[in-house]
Amino acid sequence: MAADKAFDDIADSTDWLTTPLPGLAAVEAALRCQICKDFYNTPMLTSCNHTFCSMCIRRALAADAKCSLCRSVQEVSKLRSNWAMEEAVLAFVKTRADLLDLARKPPTVLTVEVPVAATSSSPAKRLRSSARKSKTRGAELTSEMARQEASFPVPSHHSVPAPDQTYNDGLVACPICLERMKEVQVDRHIDSSCPGAPRELPTQPPKQKFTSNTSNQRNGFQVLSTSAPAPPKPERLPTLSYSMLKDAALRKKLADLGIPANGTRQILEKRHQEWITIWNANCDSLHPKRKSELLQELEVWEKTLGARAPTSSRSIHLGEQIKDKGFDHAAWSAKHDSSFQDLVASARKTRAQALQKANQNQPTTETPSPPHSTGASTTTPAAAAPSSASPSRMDVDQQAPLSMVQPPTNPGSAAAPSYEYTTPCMPDRSYAMSELPHPPPLEAAAALDRSRNGASEPS
Amino acid sequence: MSLGTKRLGKELTKIQKTLPPGITLVKADDLQEWLLDIQVLDQNPIYAGETYRLKFRFGKQYPIEPPEVVFTKQENRPIPMHPHIYSNGIICLDLLGSSGWSPVQNVESVCMSIQSMLTGNTKNHRPEGDADFVSTNKARPKDIEFYYHDNEV
């Protein structure tokens, strides 16, 4: 299979299942987003206490304003950062490769500690010894982790105000308004009472306290405080109600944001939506990227899902009157082909009838205009239509709408649109997933296992 | 690499390693269309001894949007009898519609849902109006608006 090789190097929680530490698979699974299956990237908490990557949940909520796990109604504005999770993920990712190597390595180093030779012929013995080995290896691992932990530079936020002698009062400055307060108050202050701009300039500008060990200092306000004097924290973009905006206004909005403003209306809306997602997710991030990087992300989107996406998406955008994003034009025209044909035929028929009538009613008055009379007398309606435009304008206006209003009367046509087709189906509660609070397949699997066990006992 | 590609890559590596009993990966040469075989493992007489082939097709918006999942008919791979499965392989399952889908679902969970949908079934017949539907339907499965009205099945 071609695809296997390309994804050989994809890290997955199942990597642990083959090692002596299968329990780490669950640990790793807990650090991964359920939408992208990747490690959490800027994890956000929903108001129902589920965690997703900022980008993932923003995209999912844009498509359907419900939590992807429990389907409770969610708002983008209610998302909150889950920095503890981010810290856990970063720490785990950093040490993952080493851990995996250690877990996969055959336990040669430890043979000395195990008196029974590893080459023992009895399988039972080998099992026992390897179990003991893995136990000792687990201990080794723990002590190794402890060593590493001990060697970490201590992420001491107490040292933060220290270099600045003016403020040796045990307080810290709010990263935004620079007001001084106790550390524990900072988060709440930022969430509630912070004015959003420096209230008054401090006597001394805060020093740049961060050097090489910044990465270990993961407390939110510390990291924020580094960026406070430099570029201002980007502000989240509000969502637009596109139906209220005319094309020109929307284009202007896009241009103002500094993103491409070309393409169809549908593309404009999708691009704006994507930009809001990218931008706001970046605002959530502890280490916001520069706008140029975000523009590159938008560029990638443009190539894969946006205006320059390959495949037939172009044909989709041509039919703008059909607003549904995944509209299947081929199927639509195939399905309604006979209806369209009927409409065309009936329109031609009424047109021809109207012309005939017009000719009969005013045979004498019409004679002075030879080009028209010849045109009207032709039997092909297609030819009649253009030529009749000038003499019987009234007829056109009266007849055309009539023929449009008439439903195709042909009884044999497949005019009944099949999207109204009623199929006798009901979501079976036993496998309808919508009401379960957690990834339902687990429960289904458990039920299945139970039923299987019950069924397989007699045999 | 878009979100969908990455996510499908992860799913593929995972299901190449482990899949629940009764579900096997048949073909996944690209990230557009995969084939999986499913079996019903209990002694349900309607499905005993049979293997059914599922075809997954992933759109570019996956996993935000649901994949298209149908049974395909081949030699030794019939379309299972079920009051929610049409004889052309289209499955009427709210999980696969845009209203029932959630991006936390994946290929494995969908297979298991369908497996359990078969396991729990006792009615050996097709949906009402099957012949009519099969002969007239030209829409893609996700564009069909199923009208769910029977609570009993």
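None of the figures in this text is laboratory data; all of them are computed from the coordinates on show. Source: prediction; values computed, not measured. Counting neighbours? That spans all protein chains shown, and the Cβs are built from the backbone with ideal geometry, glycine included.
Observations on the model:
- Test item: B:111-122 mean partner chain Cβ contacts at 10 Å: 5
- Gyration tensor verdict on chain B (Cα atoms; rounded if a/c is under 1.5, prolate if a/b is larger than b/c, oblate otherwise): oblate
- Whole-Å distance, taken between Cα centres, linking the stretch A:80-94 and the stretch A:48-65: 17 Å
- Segment residue A:80-residue A:255, length gained on full extension (0.36 nm per residue, minus Cα span): 60.0 nm
- Averaged over A:28-38, number of beta-carbon atoms from partner chains that fall within 10 Å: 4
- The string of couplings for the stretch B:80-92 from the Karplus curve (6.51, -1.76, 1.60, θ = phi - 60°) is x, 6, 6, x, 10, 10, 7, 6, 8, x, 6, 9, 9 Hz, one whole number per residue in order, with x for Gly and Pro.
- Shielding of B:43-55 by partner chains, average beta-carbon count, 10 Å: 1
- Pairs from B:17/B:60; B:27/B:55; A:303/B:17; A:246/A:291 whose Cα-Cα separation, in the structure shown, is over 20 Å: B:17/B:60; A:303/B:17; A:246/A:291
- Residues with amide H under 5 Å from that of residue A:66, placed H, sequence gap 5 or more: A:74
- Fluctuation leader among B:124, B:76, B:106 - chain B, Gaussian network, Cα springs under 10 angstrom: B:76
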